[in-house]
Amino acid sequence: MAAKRKKKGGLGQLVLRLGRQDERVPKLMGILCMFLSIYLFIAFTSYLFTWKEDQDSVLRFSWGLLVQGDLEMANSLGRLGAIISNMFFFWGFGIPSYIFVFLLFVIGLRLVKNIPLRTNLSLVWSSFWMLLFLSVLLEFMFRTSEFPWGGAFGDRISTWLTNFVGVFGMIVLLIFVVAAVLIWTFNPNFNEMSLRSIQYNIKTGFEDLVSGRFWKKQRQSNRPATEPLKTLRPGLKTKTANRPATSSNPNPAIVKGEASTDQPADAIDSDSPPAEKDMVQGGSQLSFELSERGKREKPQALKKGDATLEIEEQPVAPPMPDLETTKRNPLNKDGMVIEEDNVNHGEPYDPTLELSSYEHPVLQLLENYDEHKVEIDRAELEQNKDQIIETLLNYKIEITKIKATIGPTVTLYEIVPAPGVRISKIKNLEDDIALSLAALGIRIIAPIPGKGTIGIEVPNKNKQIVSLKEVLMSEKFKRAKMNLPIALGKTISNEVFVADLAKMPHLLIAGATGQGKSVGINVLLMSLLYKKHPSQIKLVLIDPKKVELFPYSKLENHFLACLPDADEAIITDTAKVINTLNSLLIEMDTRYNLLKKAQARNITEYNKKFVARRLNPNNGHKFMPFIVLVIDEFADLIMTAGKEIELPIGRLAQLSRAVGIHLIIATQRPSVNIITGVIKANFPARIAYRVTAKVDSRTILDTGGADQLIGRGDMLLAFGSDLIRLQCAFVDTPEVEKVIDFISNQQGYPTPFLLPEFHGDEDSHQPGAVNTADLDDMFQDAARLVVQNQHGSTSMIQRRLKLGYNRAGRIMDQLEALGIVGPSEGSKAREVLVYDEVELERYLEGIKTRK
């Protein structure tokens, strides 16, 4: 077998072996290629100016021409340069022969840098087709010229095609080829195409072509997202994950719900030696069939009558209104009765009309960080599998099957224990399996919800960076019909995970410092900016650290909402944070009143009615955008303001879902005095990045697991009863700034979205700050009583005017606000600031006038 392999490999196999043994060989080959490229460049360039002088001699070329000593050539590289240039230009491909110079130089440079040559295949293939096309194109364009623009190849093909389809047909054919190449290469979205995006694509495409990033992107786009698994050795059978197993499968009862993807998986004998260089692509599933040592007996298959038949009932149609109601009030398209006052047969209201020229950001603003897809050495998978089986067998735990699912950063090994094995025994071996695998962040899921298996999550040695561009390009995000779609990253099976913030309805993010919280917030905001129009969503950004969210201040007239008297769009001062939260409470109450008038249960129903012009704006109705409140460091606000922050946050979390106000709160201090019971009760969706202790994980998620993450965007999402492990997408600050600049350079609204005005308690003690219309009926009697006695006491007002303590306290607060008495001094009576009853009457008369 070895002899056949050597014979089949030939010279190429010999060069590869030499290159592996001595790294000087590929470097010498690379320098040789670069030398040849420089030599050809000089020869070709000289040929452009001397081809007429040398043409007679080289056209009569024979091998004797190389040895004649008295023959001189005008080419700078002599006879050899003239002969080679003539072969490439006249008998070959003409001007496009410079592509050979480019290819030789690139290949030589990669050999010198010890980069595998297989990465150049797409470049060579594209260059070959470009060589043929340009040769025909140039010869057709300059067919009357004596210079060989396209060489003999271009002349023959161009002449034949011109005779076959005519000159006009040839022009149409060439234009079609150019258009086809552009569409195949760039895959433009004609629905979102605009002059601005075209200009940006041309600019970035030219920059990529000059810098060399173009071919790298082409190589990435041509590579399939998930490739079929390579077999470990010839002769092994493969089976598809969704296909029923054959009779040779030792576990037929488990096959039915085994796979979660459509990628093929290899059935591999655990006794076979692992291949050193076989690689497995991310997102694939790998099932290992165990030897007799690793299993005890076959589980019994389901018998007849064991399974119940699930019947899906047809939805019941809503009852039709009675005939009299229909006559009085017309029906809309959903069969609902419309009030006559709100019927409007005009065009539907378009909230985006005010900024109709707004363009969504283009994906070319983001970078690709997946220069190579997840590639895991097959030997690593085999080694981990053997270590898991051996560790379990050391504790007398037998399993019948093991399967691997490769994700971007973590591989999930699913095992099926033999009958009679208690799950708690496997769960207790978490530290022992981590020791045997020598890996950080081993996590055991026993059992996996919805499956009859136990999961063991093992970090990959080669981890993939999940770029935000890759996530936003996915069909799952593009076709998401959600109110507030957010692309969080990829699951452990390498699938893009997109969730609806409107259904969460609030999100709590916590984790240790430097584990990816700020990047995660940027990913959430970028998802909303790429998907929504400025009229559909408004952002309230609170950043106590003052440095994380400041780039978004440029979106003040597009996506941001703030108080009327706000100096900055990004809120950093604690006092202004309190005012903003209370202003959101006022906005929430106002929206609930509008929903009550419109007889709508939530903001979606209300906006549908408003768009259909079934609500009259003269009655106070308006289109309501979603409002997303983002707090970057919640712990700092709690430490400085305490209840003044926690109470409005709790009330917003309890009530604001129906009116389209949603909260995203992040903190790096997951302690119980920060994430209180009120917060946890109203934030069912929580994201936990890596933490240092199990108690912190339980504080965030009510369960362990966050202390076993590996960091750098590795996170757990708890939503309802589900706990999902995700790799957060990555977006860098320069990318965020590019997207923000793209949006801010467009026309925005004249002013930001203004929240209702709110004044804090610090203004209530100033004279005249109280609304005179809200004064108590007994206010004047109390004022006269206090001035006559020159004694400011709440108990005196309560006793002399026969009032309750609460009402007397409110009157005293009003007296203080209007400057009649001074501030409280503890148990002492307040100082009376008005000394004369005449002065008091004059002051009360002024209040009556204002009232």
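The values are calculated or read from the model by the stated rules, or taken from the named source; none is laboratory data. What you see is a predicted model, and the numbers here were worked out from it, not measured in a lab. When we count neighbours, we look across all protein chains shown, and the Cβ atoms used for this are built from the backbone with ideal geometry, even at glycine. The area values use the complete protein model at the heavy-atom level, side chains included, leaving out ligands, DNA and RNA. Shrake-Rupley method; radii C 1.70, N 1.55, O 1.52, S 1.80 Å.
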What do you reckon, is Pro419 surrounded by 22 or more Cβ atoms within 10 Å (Cβ to Cβ) and either at pLDDT 80 or above or more than 28 Å from Glu495 (Cα to Cα) (or both)? no
Determine whether the stretch 118-141 contains at least one residue that is among the charged types (D, E, K, R) and free of Cβ contacts under 8 Å to residues at least 24 places away in the same chain. yes
Restricting attention to the stretch 468-491, does a residue exist that is within 30 Å of Pro564 (Cβ to Cβ), open to solvent by 10 Å² or more (accessible area, probe 1.4 Å) and not β-branched (Val, Ile, Thr)? yes
In the stretch 807-851, residue most open to solvent (accessible area, probe 1.4 Å) [restricted to those that are closer than 13 Å to His791 by Cβ and among the basic types (Lys, Arg)]: Lys828
Subset of the stretch 617-671 (residues that are open to solvent by 50 Å² or more (accessible area, probe 1.4 Å) and either assigned to a loop (DSSP other than H, G, I, E, B) or not charged (D, E, K, R) (or both)): Pro617, Asn618, Asn619, Lys622, Met639, Thr640, Leu647, Gln654, Leu655, Arg657, Gln668, Arg669
Filtered residues of the stretch 374-426 (kept if over 20 Å from Ile448 (Cβ atoms), hydrophobic (A, V, I, L, M, F, W, C) and either outside any helix (DSSP H, G or I) or in contact with a Gly (Cβ under 9 Å, 6 or more places away or on another chain) (or both)): Val374, Ile376, Leu393
Quick check, is Gln654 in contact with a Ser or Thr (Cβ under 8 Å, 6 or more places away or on another chain) and touching a residue at least 24 places away in the same chain (Cβ under 8 Å)? no
Filter the stretch 110-169 down to the residues that are within 18 Å of Met87 (Cβ to Cβ) and among the small types (Gly, Ala, Ser) and list them by number. Ser135, Gly150, Gly151, Ala152, Gly154
For the stretch 532-549, check the following and say yes or no: at least one residue is touching a residue at least 40 places away in the same chain (Cβ under 8 Å), basic (Lys, Arg), surrounded by fewer than 19 Cβ atoms within 10 Å (Cβ to Cβ) and within 30 Å of Val691 (Cα to Cα). yes
Can we say Gly92 is open to solvent by less than 60 Å² (accessible area, probe 1.4 Å), in contact (Cβ under 8 Å) with a residue 40 or more places away in the chain and in a helix (DSSP H, G or I)? no
Yes or no: the stretch 697-717 includes at least one residue that is out of contact with any strand residue (DSSP E or B) (no Cβ under 9 Å at 6 or more places or on another chain), touching a residue at least 60 places away in the same chain (Cβ under 8 Å) and not in a helix (DSSP H, G or I). yes
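Quick grid of which residues meet (1) open to solvent by less than 50 Å² (accessible area, probe 1.4 Å); (2) among the hydrophobic types (A, V, I, L, M, F, W, C); (3) assigned to a helix (DSSP H, G or I); (4) at pLDDT below 75:
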{"residue": "Trp129", "(1), (2), (3), (4)": "no, yes, yes, no"}
{"residue": "Leu132", "(1), (2), (3), (4)": "yes, yes, yes, no"}
{"residue": "Phe176", "(1), (2), (3), (4)": "no, yes, yes, no"}
{"residue": "Asn191", "(1), (2), (3), (4)": "no, no, yes, yes"}
Checking Asp763 against (1) of a type in the set (D, E, K, R); (2) open to solvent by less than 60 Å² (accessible area, probe 1.4 Å); (3) at pLDDT 90 or above, the condition it does not meet: (3)
As an exercise: evaluate Leu501 against (1) in contact with a Pro (Cβ under 6 Å, 6 or more places away or on another chain); (2) closer than 26 Å to Pro625 by Cβ; (3) buried (at least 22 other Cβ atoms within 10 Å of the Cβ); (4) of a type in the set (A, V, I, L, M) and give the number of the one condition it does not meet. (1)
Residues of the stretch 392-416 satisfying the condition of being more than 28 Å from the chain's Cα centre (by Cα) and either among the hydrophobic types (A, V, I, L, M, F, W, C) or open to solvent by less than 10 Å² (accessible area, probe 1.4 Å) (or both): Leu392, Leu393, Ile397, Ile399, Thr400, Ile402, Ile415, Val416
If you go through Leu555, Leu563, the only one that is open to solvent by 10 Å² or more (accessible area, probe 1.4 Å), closer than 28 Å to Val739 by Cα and not charged (D, E, K, R) is Leu563
Residues of the stretch 134-156 being assigned to a helix (DSSP H, G or I) and touching a Leu at 6+ places or on another chain (Cβ under 8 Å), in sequence order, are Val136, Leu137, Phe140, Phe153, Gly154
